[in-house]
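First up is the structure itself, then whatever we jot down about it.
A short reminder: the numbers here are calculations on the coordinates, not readings from a lab. Quantities reported herein were computed from a predicted structural model and do not represent experimental measurements. Note: ideal-geometry Cβ built from the backbone for every residue, glycine included; neighbour counts use all protein chains shown.
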Amino acid sequence: MINIVIFGAPGSGKGTQSDKIVDKYGFKHISTGDVLREEIKKGTPLGATAKQYIDQGQLIPDSLMVDILASVYDSLCPCEGVIFDGFPRTIAQAESLEALLQERGSQVSAMIDLDVPDALLVERLVNRGKTSGRADDNEATIMKRLDVYYKQTAPLIEWYKNEGKYRHVHGVGEIDQIFTDICAVIDKL
Ligand code: AMP
């Protein structure tokens, strides 16, 4: 079983590339952001809690996020492959993911880092905000999310390098070219 962490700052193209991976490889896609937005839409207590953090550009607490991830994972798997999109976002989450997969006789196969310069991330997110309807795609929250990314999430690059699972992909240019580079990584797993 293949478990891929698709990694990168907000606006790096994780969702777009995940959709293409799903189409080509038939893997399951777990986007924790999508899961939370669905809970908000349904008006659940979890959604109400999540909204408070999302609207501020802050991360949902690890303990809550790990429980959500485990239940979504178990609802989809065992399966051929999974793409984790937007999880892990902290070292504590990465450690929990490792433990969760180990308990199920599996492990992370690779972490693919979609590397995109800040100026382009902001431009993409501001543009996305015009049509996405996402409350967090406004300039003030975007800057907060990038700050949270560099402080809490980017340390995972070193963490996965230490695990020997880090794979760098240049996330600028044509969507199809970036996808070709991602496929080259997946096809070697
Ligand atoms: P995303 O759609 O991945 O950009 O996530 C949108 C928002 O959902 C983030 O800014 C966080 O507030 C929250 N979120 C999504 N995934 C996580 C996670 N793994 N840990 C904590 N918060 C998360």
For this session: Mind giving me the nanometre distance, one decimal, between the label points for residue 34 and residue 176, set 7 Å out from Cα along Cα→Cβ?
Result: 2.3 nm
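Loop-only check: which GluC sites (Glu not before Pro) in the stretch 80-154 are DSSP coil with at most 12 other Cβ within 10 angstrom?
Working: sites: 80, 95, 98, 103, 123, 139; in loops: 80.
Answer in residue order: 80.
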Problem set entry | Distance in nm between pseudo-label sites at residue 147 and residue 64 (7 Å out along the Cβ direction from Cα) | 2.0 nm
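Per residue, what volume in Å³ does the convex hull of the Cα atoms of the stretch 11-137 enclose? Could the numbers behind the result be given before it?
On the way: hull volume 15.6 nm³, N = 127.
Per-residue hull volume (Cα only) is 122 Å³.
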Exercise. Modelled label-to-label distance, residue 135 and residue 187, 7 Å Cα→beta-carbon offset: nm?
Worked result: 4.4 nm
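Share of antiparallel DSSP beta bridges in the chain, in percent to the nearest 5?
Details: 0 of 18 bridges.
Once the DSSP bridges in the chain are tallied, antiparallel ones form about 0 percent.
Taking 0.36 nm per intervening residue step and subtracting the Cα-Cα distance, what contour gain separates residue 154 from residue 100 on full extension? The partial results should precede the final answer.
Values: separation 54, 0.36 × 54 = 19.44 nm, distance 2.16 nm.
Gain on extension, residue 154 to residue 100, equals 17.3 nm.
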For this session: Once you've got the Cα coordinates, tell me which of 42/161; 42/165; 14/41; 41/161; 41/188 are over 32 Å apart.
Result: 42/161; 42/165; 41/161; 41/188
Problem set entry | Candidate aspartates and glutamates for bridging to residue 24, where Cα separation is under 18 Å - those fewer than 8 sequence places away on the same chain excluded | 80, 85, 174, 176, 181, 187
For this session: Mind checking the stretch 19-125 for trypsin sites (Lys or Arg not before Pro) that DSSP puts in a loop (not H, G, I, E or B) and that have at most 11 other Cβ atoms within 10 Å?
Result: none
